[in-house]
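Chemist: I have a structure here, written as structure tokens, and I will follow up with some questions on it.
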Amino acid sequence: MNVSKEEFLSAMVDDEADAFTARRLAAELAGSAEERARWGRYHVIGEAMRGDLFKGMPVDFSDRVMAALDDEEPLQVPISAVRSKGMRYRPAIGIGVAASVAVAVLVGVQTMVTQAPDPVNPVVATVGSAPEVLAVDRLPPQTLAQVAVGASATEAVPSDRRLAEQRQMDARLNSYIVNHAEHASQHGLIPYVRAVGYEDGQ
Amino acid sequence: MGNKISDEELVRRVQSGDKAAFDALVRKYQHKIVNLVSRYVREPSMSLDVTQEAFIKAYRGLANFRGESAFYTWLYRIAINTAKNYLVSNSRRTPDYEIDVQDAEQLAGESALKEYATPERELLTEEIQNTVAGAIADLPEDLRVAITLRELEGMSYEEIAQTMGCPIGTVRSRIFRAREAIDRTLRPLLD
């Protein structure tokens with residue numbers, strides 16, 4: 001079923017038009033005195049129903065106001081200066097996110113440096129063992145103890161856990177970098193910085 | 001009154017140089033603002049002048065309006081300040097009570113000064129009121145209920161749809177058809 005322009009205008013009176021329709025209708029209203037008159041009458045109907053009509057209000061009051069504004073220059077407010085409520089906080093949010101990412105990267109790098117494998121006593125761990133270790137990592141403590149004893153690898157488990165932690169950290173760092181890159185490109189924050197994720201062995 | 005995609009869009013157009021969009025905002029808020037002003041300024045003709053001045057100030061102020069508050073809240077604040085300035089410049093006391101801007105919308109409809117109108121305008125206002133009431137009485141029940149729930153109870157379309165047990169699109173259509181039917185009888189009085 002086709003919904004007429006007037007029906008949408010009626011919905012806009014009730015603020016029930018979506019943003020796109022409201023934008024289109026605002027343009028219609030601005031461009032048509034007839035539509036503005038209809039818009040005005042729709043509002044008068046509501047005021048009349050609520051008993052809020054001001055007795056003594058000239059029917060051409062808005063014409064008088066607009067005539068008084070005849071000599072006023074049309075406004076030219078830069079678009080960047082007109083922000084909706086949500087928009088106003090975007091730069092602050094962006095800076096906050098960027099700062100958080102920077103802190104996270106610093107902390108991550110520091111942790112990686114302190115947890116780097118000991119070159120004197122390198123820990124040998126196969127890549128294939130990593131998924132098992134990750135699974136172990138999520139087990140409750142007593143189960144973990146059983147697994148450690150059962151594997152008779154009191155040395156190997158911490159080493160594997162360290163590897164798993166490092167992998168998790170790498171993955172987290174990667175996601176931070178990707179998120180940061182996406183955010184920066186959306187909001188003009190260092191838009192052309194290329195972020196490179198990395199994986200094991202690359 | 002929630003805020004107001006329609007206001008935001010109209011404000012945006014005014015700010016980008018489209019003066020006519022401001023006319024739509026005046027038409028929307030003129031009764032509310034003059035009712036509000038008339039709580040401060042007792043003479044009805046002066047209330048109208050102060051209201052006009054408030055709208056002119058609002059137009060000029062839109063150059064600096066950043067949407068930090070809803071347009072109507074901002075407009076009401078301008079109207080109250082304009083009324084107070086008028087009283088000060090005329091060395092009259094401002095009212096003993098303060099009108100909170102948040103409550104201004106509610107208070108705007110409770111003007112104590114409606115009786116101060118000129119006879120001709122008062123007659124026209126009464127005629128408009130009676131015409132609207134008569135047109136509503138003639139509406140089919142579904143249209144009458146829909147527009148009453150909207151205008152008197154302030155329900156959203158969704159709430160009306162739930163109350164009437166019909167889709168939102170039907171509510172929108174019923175309210176529109178009700179307005180159109182009323183408008184047909186009202187138009188000769190206002191044009």
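Chemist: If residue B:139 passes every condition in (1) closer than 25 Å to residue A:59 by Cβ; (2) more than 8 Å from chain A (Cβ to nearest Cβ); (3) part of a helix (DSSP H, G or I) but one, which one does it miss?
Modeler: Condition (3) is where residue B:139 drops out.
Chemist: Now for a different question. Do we find a residue being free of Cβ contacts under 8 Å to residues at least 12 places away in the same chain, farther than 15 Å from residue A:13 by Cα, of a type in the set (Lys, Arg) and part of a helix (DSSP H, G or I) anywhere in region B:16-39?
Modeler: no
Chemist: Pairs under 6 Å by beta carbon, first residue more than 7 Å from every other protein chain (Cβ to nearest Cβ) in region A:57-77, partner hydroxyl-bearing (Ser, Thr, Tyr) and loosely packed, with under 13 Cβ neighbours inside 10 Å, six or more apart or different chains?
Modeler: No pair meets every condition.
Chemist: Of the residues B:147, B:182, B:168, only one is among the hydrophobic types (A, V, I, L, M, F, W, C), in contact with a helix residue (DSSP H, G or I) (Cβ under 6 Å, 6 or more places away or on another chain) and surrounded by fewer than 18 Cβ atoms within 10 Å (Cβ to Cβ); which?
Modeler: Values: B:147 fails: surrounded by fewer than 18 Cβ atoms within 10 Å (Cβ to Cβ); B:182 fails: surrounded by fewer than 18 Cβ atoms within 10 Å (Cβ to Cβ).
That would be B:168, the only listed residue that is among the hydrophobic types (A, V, I, L, M, F, W, C), in contact with a helix residue (DSSP H, G or I) (Cβ under 6 Å, 6 or more places away or on another chain) and surrounded by fewer than 18 Cβ atoms within 10 Å (Cβ to Cβ).
Chemist: May I ask you to list pairs of residues, at least six apart or on different chains, whose Cβ atoms are under 8 Å apart, with the first in region A:155-181 being crowded, with 16+ Cβ neighbours inside 10 Å and the second being at pLDDT below 70 and of a type in the set (S, T, N, Q)?
Modeler: A:160/A:129; A:162/A:115; A:165/A:115; A:166/A:115; A:169/A:111
Chemist: Also: Kindly check whether there is at least one residue in region A:28-43 that is in a loop (DSSP other than H, G, I, E, B) and more than 7 Å from chain B (Cβ to nearest Cβ). Steps first, please.
Modeler: Restricting attention to region A:28-43, the residues satisfying the condition of being in a loop (DSSP other than H, G, I, E, B) are A:32.
Then keep just the ones that are more than 7 Å from chain B (Cβ to nearest Cβ); that gives A:32.
Within region A:28-43, one or more residues are in a loop (DSSP other than H, G, I, E, B) and more than 7 Å from chain B (Cβ to nearest Cβ).
The values are calculated or read from the model by the stated rules, or taken from the named source; none is laboratory data. Nothing here was measured: the structure is a model prediction, and the numbers come from that model. So basically every Cβ, Gly included, is an ideal-geometry build from the backbone, and we count neighbours across all protein chains shown.
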